[in-house]
Amino acid sequence: MKKIKDKKINENNLTESIIIASSPLNYQIEIIKKIGFNDLPQLIIISDHLVEEYTENVRLTKTSIKKYFNYPKTLPFIARHGSDIVGYIIGVPLEYFSNDPSFQNDNNLGQKNTIYTYAFVILEKFKKNGYAKTLKRVYLSWAKKKGFKFVSGHVREGITKNFRYKVEILKKFNNWNGTGKIFEYYRKIL
C-alpha cells in the first residue's frame, strides 16, 4: 500500500513549531509551522469548548486544521502545559473571508492589513492564571511584526466592553451563524 504524503500535516506524527515564550511553570506558547498527527486529537477536543457558544461549525476537523493551521498563510499558535495543548489562537488574513457576508462591512477587506481572530480558546482551568492573556499578547505582537495594522473578530455582544483596549464595533449580527445570539464584529488598531 502506497503512503500518500500530506504536506500540511506532518506524517511523522510530530508537530513542527517554534517556541515563542515559556515559563518556569512548564507553560509555553508555540507558533505551529506544521501540525503533527499526534496533536490532532487534543486540538479537536479543545475546539469542543467553543461549540456551545459558536455552534458545531467551529469544531476542528482534520480538514479545517489543515486550512487554519497553515503557517505562514495563517498565524496558528498553541499553548502547552507540559506536553498537553491547553489552548490555541488562530489568526487568518481577512481576505480568506472575502465571500462571507459577515465581513462585507469591513472596509479593510482587500487591503491586506487586517488579521481576523478565527478562534481563541483556553481550557477553563488555565484561564485565570494569565495563560490566555499571554497567548493573546504573543499573537497580537506577531501579527504586528507580520505587517498587519488591525485585528478583527466576532464576539458575543458585550464582550468587547471587557477588552482592555479600545475597539471599534463595525456591525452587530442577530443570530450570527445560527447561534441564536447577537455577535459584534470588532476591529482594533495594532
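A few notes on this one:
- Taking θ as phi - 60° and the Karplus parameters 6.51, -1.76 and 1.60, the scalar couplings of segment 169-175 work out to 8, 8, 6, 10, 10, 6, 6 Hz in sequence order, x denoting glycine and proline.
- Here the Karplus curve 6.51 cos²θ - 1.76 cosθ + 1.60, taken at θ = phi - 60°, turns the phi angles of segment 157-164 into couplings of 3, x, 4, 5, 5, 8, 5, 8 Hz, with x standing for Gly and Pro.
- Long-range amide H partners of N129 with built H, under 5 Å: none
- The Q111 and S23 beta-carbon pair, evaluated with R₀ = 41 Å, returns a calculated FRET efficiency of approximately 0.70.
- Among the listed pairs K33/K73; K73/K133; K33/K62; K67/K171, those beyond 18 Å (Cα-Cα): K73/K133; K67/K171
- Neighbour-count order for F126, F183, fewest beta carbons within 10 angstrom listed first: F126, F183
- Mean residue ellipticity, 222 nm, helices only, the chain: the sum of -39500 (n - 2.57) across DSSP H runs of n ≥ 4, divided by residue count and rounded to 500, is -6000 deg cm²/dmol.
- Cβ-Cβ distance of K149 and E53, R₀ of 35 Å, FRET efficiency by 1/(1 + (r/R0)^6): the value works out to about 0.80.
- Among beta bridges that DSSP assigns inside the chain, antiparallel share in %, nearest 5: 90
- Neighbour-count ranking [beta-carbon atoms within 10 angstrom, fewest first] of L75, L190: L190, L75
- Hits among aspartates and glutamates - C-alpha to C-alpha of K136 under 13 Å, sequence gap 8 or more where chains match: E30
- The long axis of helix 131-145 is offset from the longest Cα principal axis of the chain by roughly 80 degrees.
- Sorted fewest first by neighbouring Cβ atoms within 10 angstrom, T160, T55 come out as T55, T160.
- Between F77, F103, F69, the Gaussian network model of the chain with springs among Cα atoms under 10 angstrom shows the greatest mean-square fluctuation at F103.
- Whole-Hz ³J(HN,Hα) from phi, Karplus 6.51 cos²θ - 1.76 cosθ + 1.60, for segment 99-105, glycine and proline x: 9, 8, x, 6, 10, 5, 7
- Residue with peak Gaussian network fluctuation, the chain [Cα springs, cutoff 10 Å], from K149, K125, K62: K125
The numbers here are math on the coordinates, done by the rules we state, and not lab data. Since this is a predicted model, take the numbers as computed values, not measurements. Glycine also receives a Cβ, built like all others from the backbone with ideal geometry; neighbour counts cover every protein chain displayed.
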